[in-house]
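Working notes, beginning with the structure itself.
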Amino acid sequence: MARVRLLFAKMGRSKYLSHLDLMRTFQRVFIRAGVPLHHTEGFNPHPYLSFALPLSVGVESVTELLDAELSCSEDLSALPMRLNQQMPEGIRVLEAYEPATKFAALAWVAVEGYLDYDAGVPAESLTALSSLFASKELVITKKTKKGMAEVNIIPAIGDISFEDTGDGRVLLRAVIAAQNPSLNPEHLITAIKTHRPDLTPDFAAFKRLAVYDGAKAVFH
Amino acid sequence: MNRQLERILKTVQKPARYTGGEYGAIMKDKERVQTRVALCFPDTYEIGMSNLGMRILYAVANKMDGVWCERVFAPWGDMEEAMEKAGLPLFALESGDPVGSFDIIAFSLGYELAYTNVLNMLRLAGLPLRRADRPGLSPLVIAGGTCCYNPEPMADFIDLFIIGEGETVNGEVIEAYGRAKKDGLTKQAFLALAAKIPGVYVPSLYDVAYGGDGTISAITPCGGAPLPVVKRIVENLDDAYFPAETIVPSTEIVHDRVVLELFRGCIRGCRFCQAGYVYRPVRARAPDKLTKMGIEGLEKSGYEEITLSSLSTSDYKELETLCDGLLSWCEPRKASLSLPSLRADNFSMELMRKAQKVRKSGLTFAPEAGSQRLRDAINKNVTEEALLQTCRIAFAGGWNSVKLYFMLGLPTETDADVVAIAELAHKVLGIWKQHAANKSRGVRLTVSTSCFVPKAHTPFQWAGQVTMAEYERRVALLRDAMRARAIVYNWHDAKTSLIEAVLARGDRRIGAVLAHVVQNGGRLDAWEEYFSFERWQKAFEATGLDPAFYANRERLYGEVLPWHVTSAGVGEAFLYGEYEKALRAELSPDCRTACTACGASSLTGGRCDG
């Protein structure tokens, strides 16, 4: 048995794969690559695969983490290439290494998002958006396990900035809470919709750029 | 990815069905191919990707130089609505290009209720439904699959049908199309050439005339087109392509596993079963080849399950050898082997023990009829004792879930036959009480009935379907006779069975009904949430056609039947002889016991079950 951590990207068409789809996909990729996974004992044996922070459908990422248990040790430097030869479009393993940390230490996620304004970026929107997210309190209604709840999302935003890309889009960059509780980047749009409906974009798409620990150092 | 599509995908359920990009999907440079084929399955991605035929034909077409074959599935309602709102036409998964821009649009017709999806997909592609309204060579709309043995209800819409197994004919048609495109032929000139390819039916080359009673008076081929078009088959299945390197869907589909086809055809001759007649003669693969194929399929796909598929898997002569070979690979790798379509009579304990080594599932049997008399009439050679014996072994071995499938409305069925289903179910319960290994876990017995749909090219092709009211009366009769709490009774809806019966034995006039249904919002008719009987009724009224004429009418021997344009190799006199034997509840032997000279072996130079 050997535990391995994979750093992988999930881009393009593959961003529509759900968490379960991804689980299934990786199981099959390991089999196709001839890298046997260790199976749990019991009535319905299944391999051990653990994803760090489940990614929402439709969000791209260059910083996903997955821990797997292999049934024997493998040459980790060759592993990314072996797995990548078996991948569906858009998923690329960037690194494979022995993990020295626990996923529980993950605290922040850096994201970027493109906000589309079909009629052009509204005047003064960059300042307006920046000041909106500089508020002490920004309450949105979000779905929780117990139904709809009012939540102040400011504590879950570590950093946020806006930039006009000049082609009818605003580039948003943010560092947001990774867990306990996490902030879905879509909630940033919900906040705009709630408090500045005039600045609601026609469409927004997000990408995860990096994951950090509590000290905002890159998590490895 | 196209920004417009990206916006849509954010709003629909299970967007991964519409994106492509799976492992094994074939990408080519569209500037460097001559013929682009859109292989369309007229149902959702989950259903279409579970179809072995799609996988074979996709791979075979893509092996051709200069040909790029892509996949297209029917969008679910939410996606269709979003696409229409955005003005986005139906597109192919690999390139994302609109289907209307392809050279050949090929549909797989596996079940009649998908016909409206074919028309709806043409509509979503922005194409005229009727072939007469598509004068150009491109796009050419073709169809193949089991339903094409009666192509007539779709004859107004499809330019060319492929009758029989597509592995070789498809290539010949695509090649001929490529030449015609290069030579700048008209559609008409190409179709006249294509009609000379054995197994190709070009409906525009046949005139159909009707008599005063509504039946067909004559079918007249023009320009030397053959009548009937005899089906094409793969003579030696060992030479047939097996898609070991296949697309592995990233998102969940219905049958997500390696499917190993052991043989084509069936030795049994159940008189209701269209597949049992149209796939003749029996052609099997060698066990060592199959073992190799199965292992290769598992290794190359990464699937953890393999299923053995054929019309009657347990009739495969070397099933034990094959299972042993596969299990010795599967067990250490935690992969599972499943055996569907087992018959009650030769289901051995040994085989069950082997199959459950890795994972254990419920038992499923299809006695089809409750009484021995009716089982004899339909030539379903299963005895009650054999079924009960199997259950005895299974219950003693720890199984506690059994599903039994029956049909109501079979020719010659009486109320006594209906009640016999309940009696059989109660006997199975009694067996459980006597032999259960662990009674505290209880037992679950599911009885399901469907309404019998007579199909073309079977001995029952002349028979009338029972009316909906009569089917419902028989359902009520059975329900009242079967009140035990351990029995769950499910019955299939009578309305969809009526429509299926109309389409299965319809003629060309039914095309107007299909067009009317689709123009009034009909699609996804195989799905309860979309099927609307009222919409079909309105279409029958608007076109002046009577569903009872097609579904419930008993035909006389000698009537010109719409599907006389095709031949599956089995003689009509033979089929009628089987029908007469059914009326006398007389059995016919299976093909292994004695050849009944059905005629199908003429397609393989006399070889059958070799």
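The values are calculated or read from the model by the stated rules, or taken from the named source; none is laboratory data. Model, not experiment: these values are computed from the prediction. Here the Cβ positions follow ideal geometry from the backbone for every residue, glycine too, while neighbour counts run over all protein chains shown. The protein model used for the area step is the full one, side chains on, heavy atoms only, and it has no ligands, DNA or RNA in it. Shrake-Rupley method; radii C 1.70, N 1.55, O 1.52, S 1.80 Å.
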Exercise. Pick from A:E95, A:E137, A:E150: which is open to solvent by 30 Å² or more (accessible area, probe 1.4 Å) and not in a strand (DSSP E or B)?
Worked result: A:E137
For this session: Hey, can you tell me all the residues within region A:1-27 that are open to solvent by 20 Å² or more (accessible area, probe 1.4 Å), part of a helix (DSSP H, G or I), among the hydrophobic types (A, V, I, L, M, F, W, C) and touching a residue at least 24 places away in the same chain (Cβ under 8 Å)?
Result: A:M23
For this session: State all residues of region A:40-54 that are touching a residue at least 12 places away in the same chain (Cβ under 8 Å) and out of contact with any helix residue (DSSP H, G or I) (no Cβ under 8 Å at 6 or more places or on another chain); if no residue qualifies, say none.
Result: A:Y48
For this session: Taking B:K403 as the residue in question, decide whether it is surrounded by fewer than 17 Cβ atoms within 10 Å (Cβ to Cβ), modelled with pLDDT of 90 or more, among the basic types (K, R) and under 26 Å from B:V488 (Cβ atoms).
Result: yes
Exercise. Taking region B:309-329 as the search range and keeping residues that are among the charged types (D, E, K, R) and not in a loop (DSSP other than H, G, I, E, B), which one is nearest to the other protein chains (Cβ to nearest Cβ)?
Worked result: B:D324
Exercise. Just to be sure, is B:D29 away from chain A (no Cβ under 14 Å), free of Cβ contacts under 8 Å to residues at least 24 places away in the same chain and either of a type in the set (S, T, Y) or over 30 Å from A:D116 (Cα atoms) (or both)?
Worked result: yes
Seminar exercise, completed: A:K143: passes all of (1) in a loop (DSSP other than H, G, I, E, B); (2) open to solvent by 70 Å² or more (accessible area, probe 1.4 Å) but (1)
Seminar exercise, completed: Of the conditions (1) open to solvent by less than 10 Å² (accessible area, probe 1.4 Å); (2) part of a helix (DSSP H, G or I); (3) under 27 Å from B:F395 (Cα atoms), the single one that B:Y471 does not satisfy is (3)
Exercise. Which condition breaks for B:Y489 when tested against (1) surrounded by 18 or more Cβ atoms within 10 Å (Cβ to Cβ); (2) under 23 Å from B:T215 (Cβ atoms)?
Worked result: (2)
Exercise. Could you say which residue among A:S14, A:S71, A:S77, A:S18 is away from chain B (no Cβ under 14 Å) and either modelled with pLDDT of 95 or more or over 28 Å from A:A178 (Cα atoms) (or both)?
Worked result: A:S77
For this session: Filter region B:1-24 down to residues that are open to solvent by 50 Å² or more (accessible area, probe 1.4 Å) and part of a helix (DSSP H, G or I) and give me whichever is nearest to the other protein chains (Cβ to nearest Cβ).
Result: B:R7
Seminar exercise, completed: From the option list B:P332, B:P226, single residue qualifying as open to solvent by 20 Å² or more (accessible area, probe 1.4 Å), more than 14 Å from every other protein chain (Cβ to nearest Cβ) and more than 17 Å from the chain's Cα centre (by Cα) is B:P226
For this session: Go through region B:505-524 and count every residue that is open to solvent by less than 30 Å² (accessible area, probe 1.4 Å) and assigned to a loop (DSSP other than H, G, I, E, B).
Result: 5
For this session: State all residues of region A:161-203 that are of a type in the set (G, A, S) and in contact with a Lys or Arg (Cβ under 9 Å, 6 or more places away or on another chain); if no residue qualifies, say none.
Result: A:S161
Exercise. Which ones in region A:28-54 are at the interface with another protein chain (Cβ under 7 Å from one of its Cβ atoms) and not in a loop (DSSP other than H, G, I, E, B)?
Worked result: A:R28, A:V29, A:I31, A:R32, A:H39
For this session: Could you list, in sequence order, all residues of region B:474-490 that are part of a helix (DSSP H, G or I) and hydrophobic (A, V, I, L, M, F, W, C)?
Result: B:V475, B:A476, B:L477, B:L478, B:A481
Problem set entry | Residue among B:F91, B:F161, B:F73 that alone is closer than 20 Å to B:A194 by Cβ, crowded, with 23+ Cβ neighbours inside 10 Å and in contact with a strand residue (DSSP E or B) (Cβ under 8 Å, 6 or more places away or on another chain) | B:F161
For this session: Only one of these is open to solvent by 10 Å² or more (accessible area, probe 1.4 Å), touching a helix residue (DSSP H, G or I) at 6+ places or on another chain (Cβ under 8 Å), under 22 Å from B:E167 (Cα atoms) and among the charged types (D, E, K, R): B:D97, B:D103. Name it.
Result: B:D103
Exercise. Among the listed residues B:V502, B:V560, which satisfies the condition of being open to solvent by 10 Å² or more (accessible area, probe 1.4 Å) and of a type in the set (A, V, I, L, M)?
Worked result: B:V560
Problem set entry | Residue count for region B:18-73, restricted to those that are among the polar types (S, T, N, Q) and under 19 Å from B:A240 (Cβ atoms) | 2
Exercise. Any residue at all in region B:543-557 that is open to solvent by 40 Å² or more (accessible area, probe 1.4 Å), under 21 Å from B:G276 (Cβ atoms) and not hydroxyl-bearing (S, T, Y)?
Worked result: no
For this session: Count, please, the residues in region B:242-272 that happen to be within 14 Å of chain A (Cβ to nearest Cβ), in a loop (DSSP other than H, G, I, E, B) and open to solvent by less than 20 Å² (accessible area, probe 1.4 Å).
Result: 6
For this session: Please state which one of B:M27, B:M49, B:M54 is open to solvent by 20 Å² or more (accessible area, probe 1.4 Å) and within 18 Å of B:V248 (Cβ to Cβ).
Result: B:M27
Problem set entry | For B:E299: the one exception among (1) modelled with pLDDT of 90 or more; (2) surrounded by fewer than 19 Cβ atoms within 10 Å (Cβ to Cβ); (3) away from chain A (no Cβ under 14 Å) | (3)
For this session: Give the residue, chosen from B:E305, B:E318, that is touching a Ser or Thr at 6+ places or on another chain (Cβ under 8 Å) and modelled with pLDDT of 90 or more.
Result: B:E305
Exercise. How many of the residues making up region A:55-73 are part of a loop (DSSP other than H, G, I, E, B), among the hydrophobic types (A, V, I, L, M, F, W, C) and touching a helix residue (DSSP H, G or I) at 6+ places or on another chain (Cβ under 7 Å)?
Worked result: 2
For this session: Return the total of residues in region A:55-68 being within 13 Å of another protein chain (Cβ to nearest Cβ) and either open to solvent by 30 Å² or more (accessible area, probe 1.4 Å) or free of Cβ contacts under 8 Å to residues at least 60 places away in the same chain (or both).
Result: 3
